[in-house]
Amino acid sequence: MDFESLCKMLTAAESIVVFGHMNPDGDSIGATLAAGIILEKMGKRNVRLYSRDGIPDFLKFLPGAGRLLDRNAAAGAPPAQLALLVDCGGPKRIGDEFISLFNSCGKTAVIDHHATNSGFGDLNITDPDASSTCEIITLFAIESGIHIDTPLAECLYTGIMYDTGRFMHPNTSSKVFHLCAELVQHGADPGRIATEVFRNRSIAYLRLLGYALDNLKTEENGAICWTVIERRIFHKLNAKDEDSEGIVEKLGAYRGCEAHIVFGQTDDGRTRVSMRSTGRVNVGAICAKLGGGGHDFAAGLRSKDPLEVVIPRVLAETRAVIKELK
Ligand code: 5GP
Ligand code: MN
């Protein structure tokens with residue numbers, strides 16, 4: 001990865017805007033905040049950090065969380081010389097509200113680990129073998145001689161822990177452990193961070209999870225399981241979007257599951273699909289075929305079509321792949 005060019009590009013830019021992706025997870029937020037800290041260390045004074053949907057409560061303990069600007073800050077935001085997109089497989093992932101700000105920026109740098117990343121930046125630091133965007137940024141910090149203090153270590157560790165599914169997904173390489181050991185040495189506390197992220201959820205999250213599990217459906221002798229969380233359920237349970245984060249991960253915990261799916265609805269009326277694989281079905285390919293994207297084993301899509309149309313479409317594609325396994 002061309003860290004030298006990235007360093008030059010960051011050094012040359014006087015004003016920089018950093019974007020993570022919408023419905024942000026631990027890797028997107030960790031990477032955005034880490035970028036903010038690194039740019040500060042590089043002496044950058046004109047830096048703005050954007051996250052369309054703000055920051056979920058379970059990540060608010062991260063240092064610098066208060067710096068994040070959400071979609072309400074999009075209108076009239078001044079352009080910058082450089083847009084840095086982290087954890088975004090494509091420019092649309094930053095959210096429609098930010099597209100005109102993004103287009104008004106001089107240059108684009110991308111740091112990402114999605115295999116589906118099209119290389120849309122002027123400079124692309126992408127590695128589909130990296131567990132997370134935070135893994136790439138950790139390497140960048142080390143190789144560029146940027147001092148990793150406790151706040152930076154905490155942001156980076158959180159992103160890696162999140163995208164490896166607590167060091168359980170197949171992307172958990174020995175490199176991940178080496179880098180995390182380094183981050184722990186520099187002040188990241190694994191026990192505290194795990195508690196903050198995973199044991200600090202809302203009651204609404206547990207109620208949504210209960211609803212999702214209660215309404216679980218299976219196909220192909222359990223090879224596929226899926227559930228729907230309609231918008232009205234969020235209202236009924238007083239839940240926010242972020243309260244559904246992580247629910248899809250819970251569905252694949254029984255023997256024989258190959259693919260697990262949560263169908264939902266965004267606040268602007270689109271259908272949202274969250275797909276996971278236990279290792280044999282490439283859900284990234286399925287989502288990409290239907291207009292979404294992501295990783296081989298964790299992917300998603302958004303569609304203007306209603307649930308009744310999207311559900312059978314996704315299930316048909318998944319069934320076809322399952323049938324080929326046998
Ligand atoms: P999640 O299911 O947690 O929302 O997303 C899982 C993975 O799929 C993430 O890596 C995310 O970046 C990607 N992903 C989710 N939704 C979309 C989408 O609508 N379009 C694209 N291209 N990728 C998505
Ligand atoms: Mn990621």
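Evaluation of L315 against the conditions (1) assigned to a loop (DSSP other than H, G, I, E, B); (2) away from ligand 1 (no atom under 15 Å from the Cβ); (3) surrounded by 16 or more Cβ atoms within 10 Å (Cβ to Cβ); (4) not β-branched (V, I, T) shows that the sole unmet condition is (1). Can you name every residue in region 199-215 that is away from ligand 1 (no atom under 16 Å from the Cβ), surrounded by 16 or more Cβ atoms within 10 Å (Cβ to Cβ) and in contact (Cβ under 8 Å) with a residue 40 or more places away in the chain? Selection gives S202 alone.
Please go through region 245-264 and pick out each residue that is touching a Lys or Arg at 6+ places or on another chain (Cβ under 9 Å), away from ligand 2 (no atom under 16 Å from the Cβ) and not in a loop (DSSP other than H, G, I, E, B). Listed by number, the residues that qualify are A259, H260, I261, V262, F263, G264. Among the candidates R52, R48, R71, the residue that is touching a helix residue (DSSP H, G or I) at 6+ places or on another chain (Cβ under 9 Å), within 16 Å of ligand 2 (Cβ to nearest atom) and basic (K, R) is uniquely R52.
Candidates in region 265-307 are the residues that are within 16 Å of ligand 2 (Cβ to nearest atom) and assigned to a loop (DSSP other than H, G, I, E, B); of these, the one that is nearest to H169 (Cα to Cα) is F297. Identify all residues within region 272-304 that are buried (at least 21 other Cβ atoms within 10 Å of the Cβ), more than 19 Å from S132 (Cβ to Cβ) and more than 10 Å from ligand 1 (Cβ to nearest atom); write none if there are none. Scanning region 272-304 gives V281, I286. In summary, S174 fulfils each of the numbered conditions (1) of a type in the set (S, T, N, Q); (2) out of contact with any strand residue (DSSP E or B) (no Cβ under 8 Å at 6 or more places or on another chain); (3) within 15 Å of ligand 2 (Cβ to nearest atom) with the single exception of condition (3). Restricting region 249-259 to residues that are over 18 Å from the mean Cα position of the chain (by Cα) and surrounded by 15 or more Cβ atoms within 10 Å (Cβ to Cβ) leaves a set whose member that is nearest to V228 (Cα to Cα) is L251.
Just so you know, all these numbers are worked out from the coordinates, no wet-lab data involved. Everything numeric here is computed off the predicted structure, so don't read it as measured data. Methodologically, a virtual Cβ is constructed for each residue, glycine included, from the backbone with ideal geometry; neighbour enumeration extends over all protein chains shown.
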